[in-house]
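Participant: Let me begin by handing over the structure; questions about it come next.
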Amino acid sequence: MIHISVVARSSREVVLKIAGHLTRENAPILAREGDHWLRQSEVLVLELAEVQFVDRAGLALLQRWATQKLVLRGAIPFIRTLLEQAGLQVEKGGS
């Protein structure tokens, strides 16, 4: 299960708080939401402090967005390591 909420929005950036598991079953849900906001703003920020699991499909989605304006923030150590090993940068902290 995944929960997505908009926690901040401006013409420059949108911040989405993600909670739960980012898996092949629910990556399409995040993809639709994220793609929508990427069309509306310059930067998409994902707050990941409440993400407990990411599978290959979730990683692939984040890697696709990384070629655009994506900021990943606040992941727990396990998720941070997983994302960094996949070549993604994760900022510390959160909203």
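The values are calculated or read from the model by the stated rules, or taken from the named source; none is laboratory data. It should be emphasised that the depicted structure is a prediction, and the values quoted were computed from it without experimental measurement. Backbone-built Cβ (ideal geometry, glycine too); neighbour counts: all protein chains shown.
Participant: Give me a count of the residues in segment 53-81 that are outside any helix (DSSP H, G or I) and of a type outside the set (D, E, K, R).
Facilitator: Within segment 53-81, the first condition is being outside any helix (DSSP H, G or I), and the residues that meet it are 53-55, 67-76.
Cutting the leftovers down to of a type outside the set (D, E, K, R) gives us 53-54, 67-68, 70-72, 74-76.
Adding up the residues that qualify gives 10.
Participant: Give me the residue from segment 20-45 that is within 13 Å of G58 (Cα to Cα) and of a type in the set (A, V, I, L, M, F, W, C) and, out of that set, farthest from the chain's Cα centre (by Cα).
Facilitator: Ranking the qualifying residues of segment 20-45, first place goes to I29.
Participant: Could you check how many residues of segment 10-28 are surrounded by fewer than 14 Cβ atoms within 10 Å (Cβ to Cβ) and under 16 Å from R64 (Cα atoms)?
Facilitator: Total meeting the criteria: 2.
Participant: Tally time: how many residues in segment 23-48 are of a type in the set (D, E, K, R), at pLDDT 95 or above and assigned to a loop (DSSP other than H, G, I, E, B)?
Facilitator: So the count comes out to 2.
Participant: I've got another one for you. Of all residues in segment 82-95, which are buried (at least 16 other Cβ atoms within 10 Å of the Cβ) and assigned to a strand (DSSP E or B)? Can you show your working first?
Facilitator: Let us first name the residues in segment 82-95 that are buried (at least 16 other Cβ atoms within 10 Å of the Cβ), namely 82-83, 88, 90.
The answer is V90, and nothing else.
Participant: For the structure I just gave you, tell me whether G20 is assigned to a strand (DSSP E or B) and not hydrophobic (A, V, I, L, M, F, W, C).
Facilitator: Yes; evaluated as a whole, the condition is true for this residue.
Participant: Of everything in segment 50-79 that's in contact with a Lys or Arg (Cβ under 8 Å, 6 or more places away or on another chain) and surrounded by 14 or more Cβ atoms within 10 Å (Cβ to Cβ), which residue is farthest from E13 (Cα to Cα)?
Facilitator: Let us first name the residues in segment 50-79 that are in contact with a Lys or Arg (Cβ under 8 Å, 6 or more places away or on another chain), namely 50, 55-58, 73-74.
Then keep just the ones that are surrounded by 14 or more Cβ atoms within 10 Å (Cβ to Cβ); that gives 50, 55, 57-58, 73-74.
Values: E50: 20, D55: 26, A57: 24, G58: 21, R73: 14, G74: 17 Å.
The extreme case among them is D55.
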